[in-house]
Amino acid sequence: MKRTIAGSLVALLLAAACGGGLGGGPPAKLTDGKLVIAVINDQSGVYADLSGKNAVEAVNMAVEDFKAKYGENALGGKVEVLTADHQNKADVAQQKAQEFYERSNADLILDVPTSSAALAIADVAKAQQKLYINVTAATTVLTGKSCNKYTFHYAYDTYMLAQGTGVTVTQQGGKSWYIIYPNYAFGQDMESSFRQAVTAAGGTVIQSDGSPFPNTTGDFSSLLLKAGSLKPQVLGAMQAGGDLVNVVKQYNEFKLKDQNIKLAVGL
């Protein structure tokens, strides 16, 4: 089983709590006899392959590794891992976060792909004054206008992605872009970040269009047909997870590469 960012981060945090990392120091004291880690992510939808059940397993593996190295009672109590599927819905994510913080006394909420869900949990963490570390969502709003001292963003963001892919592809000759993006917080932020990066690098965004999120049909044909008619040098696909897989498949099916339209993947 491949380790995810979530699993690696948990291993680091547990070692730090035990005094074995982040500069050492005395072991952390548990206030209620146990440490509760809640993993909230998409376990059944378009982003299930980005984190999902694999991320939960990675967190459990990190906990087991910690126990093997430091002992079962190194923190003075057990480590409990809880999990929930937010179904890529902000209201469900908010509800699950409140339940974990209030009823399960969770010390930490972790993971959370889907930017709208991530932002909803950031609001709950702030209200509950509890720790929340996001390792999967990409919106800059988490560390921008929705920044709070209980929320940490341990991942890439849309600005970083645009400054890498957007700038590099434009500088290498991809001057005209057609951008397609999932029409929710993450995709809208990606479109804005890439538009600014491409323009600053001397390129032009001819047009951009949003796709439904989640795209339950998996059909992006209308957008790819439009790409063929617009004839940009670059098709910028801002989708992720299962949606991105479908975009790439359909890009090849419509033979856009043969029309000299390059595919640039945002994430």
Original post:
Looking only at residues in segment 74-104 that are closer than 19 Å to residue 58 by Cβ and β-branched (Val, Ile, Thr), which one is surrounded by the most Cβ atoms within 10 Å (Cβ to Cβ)?
Top reply: 79
**OP:** Please work out which residue is modelled with the highest pLDDT, limiting yourself to segment 15-52 and to residues that are surrounded by fewer than 16 Cβ atoms within 10 Å (Cβ to Cβ) and closer than 20 Å to residue 240 by Cβ.
**Re:** 44
Original post:
From the residues in segment 105-138 that are in a strand (DSSP E or B) and of a type outside the set (Ser, Thr, Tyr), which one is surrounded by the fewest Cβ atoms within 10 Å (Cβ to Cβ)?
Top reply: 131
**OP:** Taking only segment 236-267 into account, find how many residues are assigned to a helix (DSSP H, G or I) and β-branched (Val, Ile, Thr).
**Re:** 3
Subject >> Scope segment 139-160; condition assigned to a helix (DSSP H, G or I) and touching a Ser or Thr at 6+ places or on another chain (Cβ under 6 Å); matching residues >> reply: 140, 158, 159
**OP:** Check off (1) surrounded by 15 or more Cβ atoms within 10 Å (Cβ to Cβ); (2) assigned by TED's automatic domain parsing to the domain that holds residue 47 for residue 145 and give me the number that stays unchecked.
**Re:** (1)
Subject >> From 156, 181, residue being of a type outside the set (A, V, I, L, M), modelled with pLDDT under 95 and closer than 14 Å to residue 265 by Cβ >> reply: 156
Subject >> Residue ID - nearest to the chain's Cα centre (by Cα), chosen from residues in segment 62-73 that are at pLDDT 90 or above and buried (at least 18 other Cβ atoms within 10 Å of the Cβ) >> reply: 62
Original post:
So which of 205, 247 ends up being among the β-branched types (Val, Ile, Thr) and either closer than 17 Å to residue 167 by Cα or assigned by TED's automatic domain parsing to the domain that holds residue 43 (or both)?
Top reply: 205
**OP:** Identify, by number, the condition in (1) within 18 Å of residue 214 (Cα to Cα); (2) out of contact with any helix residue (DSSP H, G or I) (no Cβ under 7 Å at 6 or more places or on another chain); (3) of a type in the set (S, T, N, Q) that residue 88 doesn't meet.
**Re:** (2)
Subject >> Selection count, segment 224-266, where residues are exposed (fewer than 14 other Cβ atoms within 10 Å of the Cβ) and farther than 22 Å from residue 190 by Cα >> reply: 8
Original post:
Looking at (1) part of a loop (DSSP other than H, G, I, E, B); (2) more than 20 Å from residue 158 (Cα to Cα), which is the only condition residue 101 fails?
Top reply: (1)
Subject >> Residues being crowded, with 17+ Cβ neighbours inside 10 Å, part of a helix (DSSP H, G or I) and under 22 Å from the mean Cα position of the chain (by Cα) - total across segment 164-183 >> reply: 3
Subject >> Residue in segment 194-223 that is nearest to residue 176 (Cα to Cα), counting only those that are outside any loop (DSSP other than H, G, I, E, B) and in contact (Cβ under 8 Å) with a residue 40 or more places away in the chain >> reply: 194
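The values are calculated or read from the model by the stated rules, or taken from the named source; none is laboratory data. Computed from a prediction, not measured in an experiment: that's the story for all the values here. All Cβ positions, glycine included, derive from the backbone under ideal geometry; neighbour counts span all protein chains shown.
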